[in-house]
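This report refers to the structure that appears directly beneath it.
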Amino acid sequence: MCGIAGLLGATAEPAVPRVQRMTDALAHRGPDAQGVWSEGSVCLGHRRLGIIDTSSAGNQPFHSADGRQVLVFNGEIYNYRELHRVLLQERPDLVFRTRSDTEVLLMAYRVWGPACLDRLEGMFAFAVHDRDTQEVFIARDRLGIKPLYLYRNGGELLFASELRALLASGSVPRRMDRTALADHLRYQTVHAPATLVEGVRMLMPGNWMRWRNGVVEEQAWWSPLRAVDPAAAGHDKATVHREVRERLGRAVEKRLVSDVPFGAFLSGGIDSSAIVGLMAQASTAPVHTFSVVFNEERYSEERYARIVADKFRTEHTVIRLTPGQMLGFLPDALAAMDHPSADGPNTWVVSKVTKEAGITMALSGTGGDEVFAGYDVFRRSLDLERKAGLANLPSAFRTLAGWGLRTAKGTASAEKAAGLFAAGDLAWPNSYPWSRLAFTDAAIRSFTTLSELPTNAVRRIVEALDQGGAARLPKLSQVSLAELSTYLQNVLLRDADQMSMAHALEVRVPFLDHHLVGYVLGIPDTIKYPHTPKQLLVDSLGDLLPRAIVDRPKMGFVLPWEDWLKNDLRTFAQDRLRQLGGREPFDAKGLEQLWQRFLSGDRRVTWSRIWQLVVLADWLERNGVE
């Protein structure tokens with residue numbers, strides 16, 4: 001796990017100082033080693049966090065034995081030992097100088113070219129320069145676990161593992177993209193390939209890019225929609241349960257390859273408990289588990305985490321935090337953000353205390369809800385489909401009913417439901433974009449000067465999925481595809497990457513193993529979700545999980561943010577909102593009214609919406625983005 005950077009086709013100031021500034025900005029991602037290599041118009045940089053073969057032989061930029069190819073690589077290739085054997089079978093003349101997955105990746109590209117991607121199992125973003133052909137090949141993993149940001153300026157192409165690294169190059173204008181801003185206000189994030197900075201975009205998950213003499217070719221090599229396993233639809237329930245258990249077990253086992261101390265996040269929920277249980281079965285040594293807990297019962301999952309730790313006899317570390325300590329961490333958490341995220345500080349704290357406990361790599365349950373239909377949005381989507389006939393009611397009646405709902409409940413959820421009902425289309429491609437809205441378009445217009453808002457990014461993504469063939473899948477799988485392509489990719493995985501790597505901690509996510517994802521997407525709804533969320537996962541695991549974990553109520557990483565914003569963080573939040581009000585295209589009066597509504601207890605203005613704006617203002621100011 002590392003940080004990479006590069007500059008291709010340098011035409012202006014020298015390349016090496018600019019790439020060095022980018023790698024310096026990535027120092028937190030790779031404290032173990034650094035390197036910059038340059039030749040002609042190509043310059044590559046790297047910061048290393050050693051996980052596999054921690055010797056200096058694995059440092060990067062990494063050169064092939066004959067010097068023809070040069071590689072920079074961020075991530076892990078879990079099946080590198082198997083690929084090593086296959087490569088030697090096909091090419092006995094190959095000579096390996098290290099035990100690293102880095103060298104296996106470079107050899108795989110050397111022998112198989114872009115087709116090597118289909119053989120890789122892991123999380124990665126990498127670039128290979130071929131000195132003979134003067135081509136640079138860049139690729140990103142299937143589900144977007146590892147990020148890669150791009151900026152083109154004429155004949156130059158810059159890339160880096162973080163947006164801030166591109167800004168540090170001095171070659172990227174710090175201008176805010178207003179179309180992306182609207183996306184962020186709607187969904188608390190910007191959906192790839194766009195970013196908040198004008199001209200900077202992301203290489204999409206499952207895509208590769210080839211650069212040669214300023215000419216760029218880009219292509220998708222994998223997508224979850226095309227990877228759906230058709231065999232799953234014909235399997236009976238017993239076969240499905242066996243396949244899910246075996247595939248998840250293999251996914252966990254593959255991710256235990258490490259030459260440094262590792263462990264697992266353990267919240268006591270179904271997902272993290274399943275990962276810990278399967279780790280215990282696959283490991284010969286006790287698993288190290290880590291739980292962040294609170295003294296306040298309503299915030300703490302300590303009891304559930306302890307049940308799991310006791311069952312699997314883990315070496316369990318309880319990290320007890322007071323809300324006050326959490327509050328004290330906020331300045332550093334905000335400073336670590338590569339992109340503004342309302343939920344990011346939670347991940348930052350968990351990563352911090354895990355790293356301080358001596359762990360360099362941890363497994364996480366991220367992805368379980370998206371793959372196994374764990375969120376309420378899955379249930380709501382099915383319910384709304386069954387009520388689709390309501391869309392045939394007269395428009396005036398639907399509008400009036402929506403007004404009544406909004407007035408009676410007075411909540412942010414009722415506000416969204418009223419808007420959806422008035423729109424008159426309850427099918428999932430229309431209902432889903434409403435489900436994760438933070439601010440409706442009407443709300444955005446109330447505190448900005450954005451009278452004409454761009455096309456809703458989530459709606460565009462969902463429509464593309466629907467038109468691309470998602471409509472032939474079970475309904476729950478259609479919603480899973482939307483979750484994988486929006487919330488997971490653009491919120492959870494970005495947060496996990498930026499906040500764990502702020503502490504040089506690698507996080508691996510077994511639920512996003514592509515063999516598992518492709519299979520579960522093909523499973524019929526009748527097996528996946530007969531009556532309760534994640535029933536398929538629970539049934540597939542058999543007696544692995546204690547009933548106390550299976551039957552417990554779902555609980556997130558909850559903290560008293562509303563109290564903080566009205567008390568301890570009140571001045572901080574108010575100052576940031578006023579800063580935001582002084583920027584285009586925000587309206588100071590509208591923001592002040594929103595703030596006062598929150599302070600007065602208006603349930604349509606939740607703390608998460610206010611905090612989203614506070615974090616945005618802080619990030620723009622901190623990074624000098626105008």
* To do: Within the range 512-535, which residues have the backbone N less than 16 Å from the label spot 7 Å out from K554 along Cα→beta-carbon, could you tell me?
  => 528-535
* Asked: Based on the Cβ-Cβ distance of E217 and R320, what FRET efficiency does E = 1/(1 + (r/R0)^6) give at R0 = 41 Å, to the nearest 0.05?
  -> 0.20
* To do: Give a residue-ordered list of calculated ³J(HN,Hα) values for the range 206-220 (Karplus: 6.51 cos²θ - 1.76 cosθ + 1.60, θ = phi - 60°; whole Hz; x for Gly, Pro).
  => x, 10, 10, 9, 10, 10, 8, 6, x, 9, 10, 10, 9, 8, 7
* Structure fact -> With the 1.4 Å probe rolled over protein heavy atoms, the chain has an accessible area per residue in Å² of 38
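Order W221, W611, most accessible first, counting only protein heavy atoms with a 1.4 angstrom probe.
Listed by decreasing accessible area, they come as W221, W611.
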* Report the dimensions of the chain along its three principal axes from the alpha-carbon atoms, largest first, rounded to Å. => 75, 59, 49
* **Eligible lysines near K528 by straight Cα distance, threshold 23 Å, same-chain separation 8 or greater** => K237, K387, K475, K554
* To do: Averaging sequence separations of C-alpha pairs under 8 Å and six or more residues apart, then dividing by the length of the range 85-201, give the relative contact order as a whole percent.
  => 14
* To do: Grab the Cα-Cα distance for V16 and L453, subtract it from 0.36 nm times how many residues apart they are, and report the gain in nm with one decimal.
  => 153.3 nm
* Asked: Counting only protein heavy atoms and using a 1.4 Å probe, what share of the accessible area of the chain belongs to carbon plus sulfur, as a whole percent?
  -> 49
* Structure fact -> Of the convex hull enclosing the alpha-carbon atoms of the range 101-161, the direction-averaged projected area in nm² is 4.7
* Structure fact -> Ranking A231, I523, G50 by how far each Cα lies towards the positive end of the charge dipole of the chain (+1 on Lys and Arg Cβ, -1 on Asp and Glu Cβ), the top one is I523
* Asked: What is the Cα coordinate range of the range 441-552 on the first, second and third principal axes, sorted by size from largest, in whole angstrom?
  -> 56, 43, 28
* Rounded to the nearest Å, what's the spacing between the alpha carbon centres of the range 62-77 and the range 568-626? Just the number, please. => 45
* Order of 463-474, 93-104 by packing, highest average Cβ count within 10 Å first? -> 93-104, 463-474
* Report, in cubic angstrom per residue, the convex hull volume of the C-alpha atoms of the range 37-154. => 116
* Extension gain R622-D543, at 0.36 nm per residue separation less the Cα-Cα distance, in nm? -> 23.5 nm
* To do: With label points built 7 Å along Cα→Cβ from the Cα atoms of T526 and Q281, find their separation and express it in nm.
  => 2.7
* Asked: Once the piece of chain linking A427 and W112 is laid out straight, how much longer is it, given 0.36 nm per residue of separation minus the C-alpha distance between them?
  -> 109.0 nm
* Whole-Hz ³J(HN,Hα) from phi, Karplus 6.51 cos²θ - 1.76 cosθ + 1.60, for the range 504-512, glycine and proline x -> 6, 10, 8, 10, 10, 10, x, 4, 9
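The values are calculated or read from the model by the stated rules, or taken from the named source; none is laboratory data. The shown structure was predicted, so the numbers you read here are calculated from the model rather than taken from an experiment. All Cβ positions, even for glycine, are placed from backbone atoms using ideal geometry, and neighbour counts span all protein chains on display. The protein model used for the area step is the full one, side chains on, heavy atoms only, and it has no ligands, DNA or RNA in it. Shrake-Rupley method; radii C 1.70, N 1.55, O 1.52, S 1.80 Å.
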